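Below is one structure, written out as C-alpha cells, with a few remarks after it.
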Ligand code: DQA
C-alpha cells in the first residue's frame, strides 16, 4: 500500500540544522531511513519535501482525491498554517502528524499545532523513529 510522506520547510537542510535537536541524519539519509522502514512494513513510501505551502497543499489535494494515507511533518507550518490544516481536513484516509523533536518541550510558539486537530494522531520527540512509529500506527489502523 502506498503512503505519502510530506516534509515541510527547512527539513531538506537537516545537515545544517541544530543536530542536538534534529539529530545527525541528513535529509537524504532520513528519506532512506523512512523508505526502508516503510518497505519492511509492507508500504511503498512516496517521501517528498517542500518549503512551499502551496506545493504541500496541492499534494494534500491529490492525496484526498486518491484516498492515500498521509504522514506529515509540517515543520514550522505546524504552528500557523490554517491553509494546510484545511487541506488536511479534506483527506479521506488517515493522517499522522510527526515531528523529529518534541515541540511541546521547546519554545512556546511550538506548543500550538493547528494540524493536530485534523490528524488521526501525532507522534513527536523520537527523532527519525517518529516516522517509523507513524508507519507502525498506520499499519495497525489498516489491519
Ligand atoms: C519540527 C518541529 C517544528 O517546530 C520546526 O519548525 C521544524 C521541525 C520537528 O520535526 O521537530 O522545522 O516539525
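Once the convex hull of the C-alpha atoms of the range 2-142 is built, how many Å³ does it hold per residue, rounded to a whole number? Write out the running numbers ahead of the final one.
Numbers: hull volume 12.9 nm³, N = 141.
So the per-residue hull volume is 91 Å³.
Contact order for the chain, expressed relative to its length and based on alpha carbon pairs under 8 Å spaced 6+ residues apart, stands at 26 percent. Classify the range 64-128 as rounded, prolate or oblate, taking a ≥ b ≥ c as the square roots of the eigenvalues of its Cα gyration tensor: rounded when a/c is under 1.5, otherwise prolate if a/b is larger than b/c and oblate if not. Oblate.
With a 10 Å cut-off between alpha carbons and a GNM built on the chain, which of 35, 81, 105 moves the most? Between 35, 81, 105, it is 105 that shows the largest mean-square fluctuation.
Bear in mind that the values in this text are calculations on the coordinates, not laboratory data. Fair warning: this is a prediction, and the values are worked out from it, not measured in the lab.
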